[in-house]
Amino acid sequence: MSLLETINSPDDLKRIPAHKLATVASELRQIIIETCSKNGGHLAPSLGVVELTIAMHRVFQTPVDKIIWDVGHQAYAHKILTGRRDSFKTLRTKDGLSGFPKRHESPHDAFDVGHSSTSISAATGFAVARDLDGRSNKVLAVIGDGSMTGGIAYEGINHAGHLNKDLVVILNDNEMSIAENVGAISNFLTRTASSEFVLRFKKNTELFLKRLDNSNSVLQMARKLEESFKGFLTPGMLFEAFGFDYIGPIDGHDLPKLIETLENVKRFDDAVLIHVLTKKGKGYKPAEQNPSLFHGVGPFDIASGKVLKGKGGAASYTAIFGSALCKLAAEDERVAAITAAMPDGTGLTGFSKEFPDRFFDVGIAEQHGVTFAAGLAAEGYRPVFAVYSSFLQRAYDQVFHDVCLQNLPVTFALDRSGVVGSDGPTHHGAFDLSYLRHLPNMTLMAPKDENELQHMLATAVNLGSPAALRYPRGNGYGVALDQNLTPLPLGRAEVLREGKDAAVLALGTMVQPALEAARLLESESGISLAVINARFVKPLDSELFLSLAQKQGRLITIEENALQGGFGTAVLELLEEQGQTGVRVLRLGYPDSYIPQAEQHELREMLGLDCNGIAASIRSFLSQS
């Protein structure tokens, strides 16, 4: 029996002899690697904090003591050590363990997370609540240096330092978030006293001073000066300016040192920050050598580290977007590209190499990214902010106030719109139509395939006002790609199929399933459906939609978005405004609930948004009239 098999709770971990903890760390890495090789997951971040996780659970007592993980993609070892070892094989699968901390999953998960930079703010709330209740438990926030590029982290640390509550912030510094960290703060964090120059300087100085003074009095004085010197070489002075006691930097893979440090800090009763240096992907060479690839990876071969490809063939929507943007940038020197720490994930790596002067990675700072884009646009540029749909939610006020209110030509390329799969509810792009559609001056569209994506991008960039296009995670259909990119007629839908019994208004990823459902219903039941590629959510093709409503009296809208405030709602509003309230409408889309994790095809089937589900809903709808 392995040591890990004897650990079903943090109490069991505390009973393991100290000299055997390194074995526990090795076994944790093994199960994390094996599981991620089958299910995919955030491998490199979790491998990097194995020793830190062991040390925290060795010293502190969850769930009484609270550990708040930032983002949470590094919490796999935490899950295993807190009673979820046997179920860990279900990680990120339908009805299995979440890839992120979830309060409903375990009392040891203090706070639900999935987006970056929130841990210090949440931990401050936990600490204040504890003190108001008269309790004495410890509160820890574990935040990566990449998350420290997000503004909310500094809002939290500023407030926490002012309150000076009993709070421990652990800065996990691996010099990477997803891509290589950017910005002045990142550069500051990497100025550590563990650099080769500083260590060599310190050693040589000590030898020299010992020769000068055998009594070591001069050496003792020099050591007192070391703390002042260290302030110029480490971020200690930054965090102490915020009101935190600073400890570090220390080796995040040195278990005895970590445990000793945490034991000492456990006796503190004010705000303290521990700066821990770790290696992302630690213990698995492919992940150490390519931490970006293994940050969030699909299934892979353990021996070679080679990622196992899914169904091949067509390029991804993300890749097509990146290629099309490069074409537009080559034709128009006003086109610039912006990402929030996701150059690979949003398809901008090629752009960054081809047009380095017009590529900007702002770090995990979506709010800044949007207003930065607005500044570029105000000076005549055509910035394209490529961002995951659910991440743009973090910059809603900036989209409203800094872009739309000023009617500035910023394009939002919303990758991962719709269900994304195993990352679950924090990452599904379920709400972008709803939170963007009501903003004045915004044009909003979704392509039926990857070729139409190219033309929609050209439409947005040449529009001269705010625009957003949404497209899904995954591969396209393999359709032929036009070499010349031309703007589409604004607000014009496309009739793909004529029919007399009802009209299906399908948007984006729902166009192909709608066509399949129409063919199925005609072959099985003789039902004749018109199918329309809506293309635009704002402005709608009012002329066509009203004509179909008047002619057929029955409309079906289909979208991969929350029904509340989405495309179907826009159609209902159009009918009401034009007095066509007698038209029967069926709206298909996401329910008023958060969508769980599962593979994309599993979720679409569960939500009734695959061919069979759409056909069944339409058949029932038509039978009632």
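So what's the back-of-envelope 222 nm ellipticity for the chain, counting only DSSP H runs of four-plus at -39500 (n - 2.57) apiece and dividing by all residues, rounded to 500?
Taking each H run of at least 4 residues, the total per residue is -11500 deg cm²/dmol.
Grab every C-alpha pair in region 317-470, bin the distances at 10 angstrom width from 0 up to the longest one, and report whole percents.
Bin by bin from 0 Å, the calculated values are 12, 47, 36, 4, 0.
Suppose each label sits 7 Å from its Cα in the direction of the beta carbon; what would the H19-R519 distance come out to in nanometres?
Between H19 and R519, the simple spin-label model gives 7.0 nm.
Would you please give the residues with an amide H less than 5 Å from that of V139, counting only those at least 5 places away or on a separate chain, with H modeled from the backbone geometry?
K66, V168
Highest mean first, what order results for 237-249, 342-354 on Cβ atoms within 10 Å?
342-354, 237-249
Measuring from label point to label point, each 7 Å out along Cα→Cβ, what is the V64 to Q624 span in nm?
5.5
Could you tell me which of the pairs K102/K309; K165/K266; K448/K538; K79/K309; K14/K266; K89/K282 are separated by over 24 angstrom between their Cα atoms in the structure shown? Please report the intermediate quantities before stating the final value.
On the way: K102/K309 29 Å; K165/K266 13 Å; K448/K538 16 Å; K79/K309 28 Å; K14/K266 16 Å; K89/K282 21 Å.
Violating the 24 Å Cα-Cα cut-off are K102/K309; K79/K309.
When the dipole is taken about the Cα centre of the chain, and only Lys, Arg (+1) and Asp, Glu (-1) are charged at their Cβ, what size is it in debye, to the nearest 20?
Details: 61 positive and 72 negative charges, 229 e Å.
Taking the Cα centre of the chain as origin, the dipole is about 1100 debye.
Among the aspartates and glutamates, which fall within straight-line cross-link reach of K500, defined as a Cα-Cα distance under 13 Å, with same-chain neighbours fewer than 8 residues apart omitted?
E522
If the cut-off is 13 Å between C-alpha atoms, which aspartates and glutamates fall inside it for K38, apart from same-chain ones fewer than 8 positions away?
Result set, ordered by chain and number: D301.
For the chain, how big is Rg over Rh, using alpha carbon atoms and the Kirkwood form of Rh?
1.03
How big is region 1-96 by Rg and Dmax over its Cα atoms, in Å?
12.6, 38
Which value in Å is the Kirkwood Rh of region 494-623 over different Cα pairs?
One decimal place: 14.7 Å for the Kirkwood radius.
Every number here is computed from the coordinates shown, using simple stated rules; none is lab data. As the structure is a prediction and not an experimental result, all values here were calculated from the model. So basically every Cβ, Gly included, is an ideal-geometry build from the backbone, and we count neighbours across all protein chains shown.
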